[in-house]
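Comments concern the structure below.
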Amino acid sequence: MTLSRLLKAYYSCRKNKRRQVAAIRYETTAENRLTRLLRLLQTKTYQPAPSSCFVVTYPKLREIFAADFKDRVTHHLLVNAIESDFESRFIFDSYACRKDKGTHQAVKRLQSFLRKITQNQTRDACYLQLDIQSFFTSIDKKILYSILVKHLTKYRHSSDLLWLAQLIIFNDPTHDCKIKGNAKLLAQIPTHKSLFHTPWTKGLPIGNLTSQFFANVYLNELDQFVKRELKVKYYLRYVDDLILLSRHPQQLVEWRQAINQFLHDHLSLQLHPAKDRTGSVYSGIDWLGYIVKPDYVLCRRRVVANLKAKLHAFNQGYLLQSSNQHPMATPIINSPTADQLKTILSVINSYYGHFKLASTYQLRKNLYEKNFGILRKYLKPVGNYDYFVQKPVRPTTTVCHRLPASVVSIQTGA
């Protein structure tokens, strides 16, 4: 625990978040705060502060716990210290929350697997898609900590790292947490999906960097079993979403049974009994917002529909906010301001970045020509409708009229 490492953790923690209130407040006295935090860590008197809890509704209801900014710094400190060691242990084909292991890389890898398994026009080539039931709320903290102990004892300062890891893992984010937003939404979350109804020895809070990292550490045990014991050649995992490919359908059935048994015996988890998906690889695999086939990739209709809804709202003079169940659209009273245009541009480009991986040139062109409306006055396409930039024109006219009060907003993200 050194000041240089703590500074590195602080800088990575505030990256792309310097406009947030918590980050601004911390930055005003960062030197004193970091010095005090370092002293608490070195004397092992550091304790996490209460978290903030809120509910997101898109694409489904989910509770999110936001740690205090000070605690987020310690999360980065721990991950920075042990990430490289675990990266060397992870299999190549586990994705999410890893450098260069995002959705695009996962989809490209899946398509490369599909091409290999269908090289000889094997008509029986099939896939099995599995989902772990209530994954984050079912993680066993004792098992997770034992995995860390097994791998971190070789470190020179392993006692310090394990002390901090234990403190973070066993911290109860529901204790004295601050409820933000619509508190009534919490009651609508199924009990098996909520940490408020989970034993203290179970579950990690969605929203923390450490939770994302620990998820990969936890399921790396499964990855190793699948690759080393079952010897599955074509296997990918994105968080708790698993895909296995085989030229023999019965082999997939046997693998499914073995995986579920391993999860039960070693990780205190189980596969969701109603979420298995299987079929011919030629029919396409619905994964990560795409339909992936051996020869091409398509975007899911829901993603396209979400963008159309946002474009309609923008043209009606509204910026959509975070809830898809309540009218939380912000009106654009006059011409869009520079910040509003920046938000609109960011939303549109995030979708077009998603589209670009698939065979969507005609889709991207048609959306611009038929759905952008007044936005074409402010935005222009680059390349083959790859993304958009602002036109060098100062907005001077009102965008349009208000939406009716019953408008339903959708999150600004693909």
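The values are calculated or read from the model by the stated rules, or taken from the named source; none is laboratory data. Because the structure is predicted, anything quoted here is derived from the model rather than measured. Neighbour counts run over all protein chains shown; Cβ positions are idealised from the backbone, glycine included. The area values use the complete protein model at the heavy-atom level, side chains included, leaving out ligands, DNA and RNA. Shrake-Rupley method; radii C 1.70, N 1.55, O 1.52, S 1.80 Å.
With R₀ fixed at 35 Å, the C-beta to C-beta distance from residue 98 to residue 386 puts the FRET efficiency at about 0.85. Taking the alpha carbon gyration tensor of region 159-200, multiplying each eigenvalue by 5 and rooting it gives semi-axes of 27, 12, 7 Å, largest first.
Quick one: which residues, 5+ away or cross-chain, put their amide H under 5 Å from the amide H of residue 133? H built at 1.01 Å from N. Excluding prolines and chain starts, which carry no amide H, the hits are 270, 271, 272.
Counting Cα-Cα pairs of region 339-394 in 5 Å increments starting at 0 gives whole-percent bin shares of 4, 19, 35, 26, 12, 4, 1. Scaling against 2.2 N^0.38 Å puts the C-alpha radius of gyration of region 126-243 at 1.23. Distance between the modelled labels on residue 15 and residue 154, one decimal in nanometres: 2.6 nm (7 Å Cα→Cβ projection).
Set the Förster radius R0 to 45 Å, insert the Cβ-Cβ distance between residue 182 and residue 231 as r into 1/(1 + (r/R0)^6), and round the FRET efficiency to 0.05. E(calc), rounded to 0.05, equals 0.40.
Accessible area of residue 227 (1.4 Å probe, protein heavy atoms only, ligands and nucleic acids ignored): about 70 Å². Look at where the Cα atoms of region 145-166 and of region 23-42 average out, and the two centres are 25 Å apart. For residue 206, the amide hydrogen comes within under 5 Å of the amide hydrogens of 65, counting only partners 5 or more places away or on other chains and with H modelled in the peptide plane.
Taking the chain as a Gaussian network of alpha-carbon nodes connected by springs under 10 Å, the highest mean-square fluctuation of the residues 236, 114, 379 belongs to 379. Size descriptors for region 164-306 (Cα atoms only): Rg and Dmax, in that order, 18.4, 53 Å.
Under the rule of at least 5 residues apart or a separate chain, name every residue whose amide H is placed under 5 Å from the amide H of residue 58. For residue 58, the qualifying residues are 324. This model, with +1 at the C-beta of Lys and Arg and -1 at the C-beta of Asp and Glu, gives the chain a dipole about its Cα centre of some 1260 debye.
Kirkwood Rh and Cα-based Rg: tell me the resulting Rg over Rh for the chain, rounded to two decimals.
Radius of gyration over Kirkwood radius for the chain works out to 0.98.
Coupling constants for region 206-215 follow from the phi torsions by the Karplus curve (6.51 cos²θ - 1.76 cosθ + 1.60, θ = phi - 60°), and in residue order they are 6, x, 9, 4, 5, 5, 5, 5, 5, 4 Hz; glycine and proline get x. Using every pair of distinct Cα positions in region 1-154, the Kirkwood expression returns a hydrodynamic radius of 19.4 angstrom. Using a simple spin-label model with pseudo-atoms 7 Å out from Cα toward Cβ, residue 7 and residue 124 lie 6.3 nm apart. Report summary: the helix-based calculation at 222 nm, which adds -39500 (n - 2.57) for every DSSP H run with n ≥ 4 and divides by the residues of the chain, gives -13000 deg cm²/dmol.
In region 108-174 the Cα-Cα distances spread across 5 Å bins starting at 0 as 3, 12, 15, 12, 9, 8, 10, 12, 10, 6, 3, 0 percent of all pairs.
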